[in-house]
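Notes for the one structure printed next.
The values are calculated or read from the model by the stated rules, or taken from the named source; none is laboratory data. Because the structure is predicted, anything quoted here is derived from the model rather than measured. Heads up, the Cβs are rebuilt from the backbone with ideal geometry, glycines too, and the neighbour counts pull from every protein chain shown. Heavy atoms of the whole protein, side chains included, go into the accessibility calculation; ligands, DNA and RNA do not. Shrake-Rupley method; radii C 1.70, N 1.55, O 1.52, S 1.80 Å.
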Amino acid sequence: QVQLVESGGGLVQPGGSLRLSCAAAGRIYSIDEMAWYGQAQGKQRELVAAITNVGITTYANNVKGRFTISRDNTKNKIYLQMNSLKPEDTAVYYCNAGVVSSSDYRYAEVWGQGTLVTVSA
């Protein structure tokens with residue numbers, strides 16, 4: 001009913017930048033908080049950054065000052081601007097959203113398929 005589609009991952013050198021995008025599509029009534037999670041190989045998925053529907057943001061300590069999450073409510077999209085990237089930022093990044101579907105007006109947590117970010121020289 002509702003899908004999240006990420007884009008923007010890739011290979012970047014240490015110190016470089018990438019911008020991830022996530023678009024929500026489908027039968028959407030409303031979207032609550034949206035977030036980016038990262039999962040490095042062999043590790044658990046962890047919160048990277050989150051943003052509420054009124055723009056309040058939260059960041060993991062290890063990305064504060066380097067990553068910026070933003071949101072366009074008119075397009076049901078969020079972005080993650082990643083600057084000063086480090087090898088330890090290498091992970092699959094997943095978009096997450098709390099969505100009320102217009103099909104049944106029930107709340108559900110939705111995940112995207114993930115986009116790989118590799119930081120390497």
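Rounded to the nearest 0.05, what FRET efficiency do Thr68 and Trp111 have when you use their Cβ-Cβ distance and R0 = 22 Å? According to the calculation, E is roughly 0.50.
On full extension, the segment bounded by Asn61 and Ala23 gains 11.1 nm, given 0.36 nm per residue less the C-alpha separation.
When the alpha carbon gyration tensor of the stretch 42-105 is reduced to an equivalent ellipsoid, the three semi-axes, largest first, read 25, 15, 10 Å.
Within the stretch 6-121, what whole-number % of the accessible surface is contributed by carbon and sulfur, with the 1.4 Å probe and all protein chains included in the calculation? With neighbouring chains kept in place, the figure for the stretch 6-121 is 46 percent. Report, ordered by chain and residue number, the aspartates and glutamates lying within cross-link reach of Lys43, taken as a straight Cα distance under 20 Å and ignoring same-chain residues fewer than 8 apart. Excluding near neighbours in sequence, the set is Glu88, Asp89. Between Ser84 and Asp104, full extension at 0.36 nm per residue minus the direct alpha carbon distance yields a gain of 2.9 nm.
Considering only C-alpha atoms, what is the centroid distance from the stretch 1-21 to the stretch 34-85, in Å? Rounded to whole Å, the Cα centres lie 11 Å apart. With the simple spin-label model, which puts each label point 7 Å out from Cα in the Cβ direction, the Val5 to Asp32 separation comes to 2.6 nm. Accessible surface area normalised per residue over the stretch 16-121 is 54 Å², counting heavy atoms of protein chains with a 1.4 Å rolling probe. Taking the charge dipole of the chain about its Cα centre, with +1 at Lys and Arg Cβ atoms and -1 at Asp and Glu Cβ atoms, the residue from Trp111, Tyr29, Ala40 reaching farthest to the positive side is Ala40.
Of all lysines in the structure, the ones whose alpha carbon falls short of 26 Å from that of Lys75, not counting any fewer than 8 places away in one chain, are Lys64.
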